[in-house]
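J.: For reference, the structure I am asking about is given below.
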Amino acid sequence: MTAPTDLSDVLATDPFSRDDIVRLLRAEGDERLRLFRHAAAIKEQHVGKVTWLRGLIESSNVCEKDCLYCGIRAGNRNVTRYRMQDDEILEAVRFASEQGYGSVVLQSGEIRHAAFTARVSRLLDAIAGIGDGAMRVTLSFGEQDEKTFREWYEHGARRYLLRIETSNRALYARLHPNDALHDYDARLRCLALLRETGYQVGTGVMIGFPFQTDEDLADDLLFMQRIDVDMVGMGPYIEHPDTPLYAHREALAPVAHRIDRTLKMVAILRSMMKNINIAAVTALQALDPVGREKALAAGANVIMPNITPERYRNAYTLYTGKPCTDEKPEECATCMDLRIAMAGDTVGYGAHGDSVHWTARMAKEGR
Ligand code: SAH
Ligand code: SF4
């Protein structure tokens, strides 16, 4: 089936076909702006003109994996490895609570170990004692087994971010070493397990890496719709010289194209999944100083201010050109209010900002 040629007809189509999405990804000029305005109106109607903040704590850059695109992959010897201490993590959570952020995200390289599982559970217990005990915790610790996901849920974690990176199995194999540790099916299984456990499930993809086509991006959005995710964080791929994928940089789309596709992916996804949470990611800001504000105006409703202590931030280099690595968390907080106001939103202080999609899903499932 080919997509309707008139943009209004495409936007009125429900659900979008793969061709419809490709057509929207390629919209230019006035049509491109109409797509963004359409998404902004849906955002306002279904989740409001509110941006939710999640304090991002990059708790360690130690990783057992070797994803071919990532600057902190185990094989990169040019990284100074760090692990934040428990008290440093709790201090950052306290800061987030004092700032009125309803939520924090704990993220790190992937470690699968009983001692790590137990440590995270202890941290979750301690976080429950901070402020009025209402801090929503998102974890982003990569693939783990069912028992671990359940244990962390029992200790209070309610959201989990695990990007599929690309829904195309063949491309996934080009982005990762070909071994049991980097298995596409294992990733899918984890996403299913997280949903079964009761988490608000977040996934996402990288946009504009070598070999990826608009058709692949369309498939990524259809994948998110099919697995019925609650939250999405997707952003531009940014090449890192100390990674194997850097060898393919000639095949890389220009920066402007990667920004364009990221904004359109946000807008199209907002049109497809009206009440989910969609992040305006930091990688966008790395390529465009006001990239995140543009994403908010195109349908995103979450920003993750980095509250990792400055002394560690430089070492958490998934990609190059990461913004604000020398900024103190309090500076970041003030700057954020302004940026969100620029995008025409208010800041959702003092509330969890749960995915409306997840709340509705839980009510329907009687949980
Ligand atoms: N280890 C965990 C969480 C940290 S990595 C995990 O992999 O899930 C978090 C995200 O950073 C990854 O999902 C990936 O999409 C993104 N990332 C890694 N390298 C990147 C790069 N070069 N450009 C853009 N995003 C990148
Ligand atoms: Fe490790 Fe995550 Fe980077 Fe892969 S993307 S190397 S799992 S930190």
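J.: Which pairs turn up if I take residues in the stretch 125-144 that are under 30 Å from D66 (Cβ atoms) and touching a residue at least 12 places away in the same chain (Cβ under 8 Å) and look for partners that are in a loop (DSSP other than H, G, I, E, B) and within 16 Å of ligand 2 (Cβ to nearest atom) with beta carbon separation below 6 Å, at least 6 apart in sequence or on another chain?
T.: Between residues of the stretch 125-144 that are under 30 Å from D66 (Cβ atoms) and touching a residue at least 12 places away in the same chain (Cβ under 8 Å) and residues that are in a loop (DSSP other than H, G, I, E, B) and within 16 Å of ligand 2 (Cβ to nearest atom), the close pairs are G142/E110.
J.: State which residue is nearest to ligand 2 (Cβ to nearest atom) when the search covers only the stretch 197-214 and only residues that are among the aromatic types (F, W, Y) and open to solvent by less than 10 Å² (accessible area, probe 1.4 Å). Before the answer, list the steps.
T.: Going residue by residue through the stretch 197-214, those that are among the aromatic types (F, W, Y) are 199, 209, 211.
Still in the running and open to solvent by less than 10 Å² (accessible area, probe 1.4 Å): 199, 209.
Numbers: Y199: 18, F209: 12 Å.
Filtering first and then ranking leaves F209.
J.: Tell me, yes or no, whether the stretch 109-120 has at least one residue that is open to solvent by less than 20 Å² (accessible area, probe 1.4 Å), out of contact with any Gly (no Cβ under 8 Å at 6 or more places or on another chain), closer than 30 Å to P244 by Cα and within 16 Å of ligand 2 (Cβ to nearest atom).
T.: no
J.: Residues of the stretch 46-71 being touching a strand residue (DSSP E or B) at 6+ places or on another chain (Cβ under 7 Å) and charged (D, E, K, R), which ones?
T.: K49, R54, E58
J.: Continuing with this model, one more query. Does A96 satisfy the criteria of being more than 16 Å from ligand 1 (Cβ to nearest atom) and either charged (D, E, K, R) or crowded, with 17+ Cβ neighbours inside 10 Å (or both)? Working first, answer last.
T.: Numbers: more than 16 Å from ligand 1 (Cβ to nearest atom): yes; either charged (D, E, K, R) or crowded, with 17+ Cβ neighbours inside 10 Å (or both): yes.
Yes.
J.: State the number of residues belonging to the stretch 188-205 that are assigned to a loop (DSSP other than H, G, I, E, B) and either in contact with a strand residue (DSSP E or B) (Cβ under 8 Å, 6 or more places away or on another chain) or modelled with pLDDT under 95 (or both). Steps first, please.
T.: First pass over the stretch 188-205, keeping only residues assigned to a loop (DSSP other than H, G, I, E, B): 198-199, 204.
Pick out the ones that are also either in contact with a strand residue (DSSP E or B) (Cβ under 8 Å, 6 or more places away or on another chain) or modelled with pLDDT under 95 (or both) and you get 199, 204.
Number satisfying all stated conditions: 2.
J.: Of everything in the stretch 63-93, what is hydrophobic (A, V, I, L, M, F, W, C) and within 10 Å of ligand 1 (Cβ to nearest atom)? Give them in sequence order.
T.: Restricting attention to the stretch 63-93, the residues satisfying the condition of being hydrophobic (A, V, I, L, M, F, W, C) are 63, 67-68, 70, 72, 74, 79, 84, 89-90, 92-93.
Matches in the stretch 63-93: C63, C67, L68, C70, I72.
J.: Oh, and also: Taking the stretch 149-178 only, how many residues are more than 15 Å from ligand 2 (Cβ to nearest atom) and hydroxyl-bearing (S, T, Y)?
T.: So the answer is 2.
J.: I need a count of the residues in the stretch 182-193 that are more than 12 Å from ligand 1 (Cβ to nearest atom) and surrounded by 15 or more Cβ atoms within 10 Å (Cβ to Cβ).
T.: Residues meeting the conditions: 4.
J.: For the stretch 155-181, what are the residues that are within 13 Å of ligand 1 (Cβ to nearest atom), open to solvent by 30 Å² or more (accessible area, probe 1.4 Å) and touching a Ser or Thr at 6+ places or on another chain (Cβ under 7 Å)?
T.: Answer for the stretch 155-181, where residues must be within 13 Å of ligand 1 (Cβ to nearest atom), open to solvent by 30 Å² or more (accessible area, probe 1.4 Å) and touching a Ser or Thr at 6+ places or on another chain (Cβ under 7 Å): L161, R163.
J.: Then there's this: Taking the options E31, E64, name whichever one is open to solvent by 70 Å² or more (accessible area, probe 1.4 Å), modelled with pLDDT of 95 or more and not polar (S, T, N, Q).
T.: Numbers: E31 fails: open to solvent by 70 Å² or more (accessible area, probe 1.4 Å).
Just a single option satisfies the conditions, and that option is E64.
J.: Determine which member of the set S97, S60, S103 is among the small types (G, A, S) and under 19 Å from V232 (Cα atoms). Please lay out each step first, then the result.
T.: On the way: S97 fails: under 19 Å from V232 (Cα atoms); S60 fails: under 19 Å from V232 (Cα atoms).
That would be S103, the only listed residue that is among the small types (G, A, S) and under 19 Å from V232 (Cα atoms).
J.: Hey, another quick one. Would you mind telling me which numbered condition in (1) within 16 Å of ligand 2 (Cβ to nearest atom); (2) touching a strand residue (DSSP E or B) at 6+ places or on another chain (Cβ under 8 Å); (3) open to solvent by 10 Å² or more (accessible area, probe 1.4 Å); (4) not aliphatic (A, V, I, L, M) P244 fails?
T.: Here P244 meets the rest and fails (2).
J.: Under 6 Å between Cβ atoms, which residue pairs at least 6 apart in sequence (or on different chains) link something in the stretch 314-325 that is over 11 Å from C70 (Cβ atoms) with a partner that is open to solvent by 40 Å² or more (accessible area, probe 1.4 Å)?
T.: A315/T80; T325/N314
The values are calculated or read from the model by the stated rules, or taken from the named source; none is laboratory data. Just so we're clear, the structure is a prediction, and the values are computed from it rather than from any experiment. Reconstructed Cβ throughout: ideal geometry from the backbone, glycine too, with neighbour counts over all protein chains shown. The accessibility values were calculated without ligands, DNA or RNA, using every heavy atom of the protein model including side chains. Shrake-Rupley method; radii C 1.70, N 1.55, O 1.52, S 1.80 Å.
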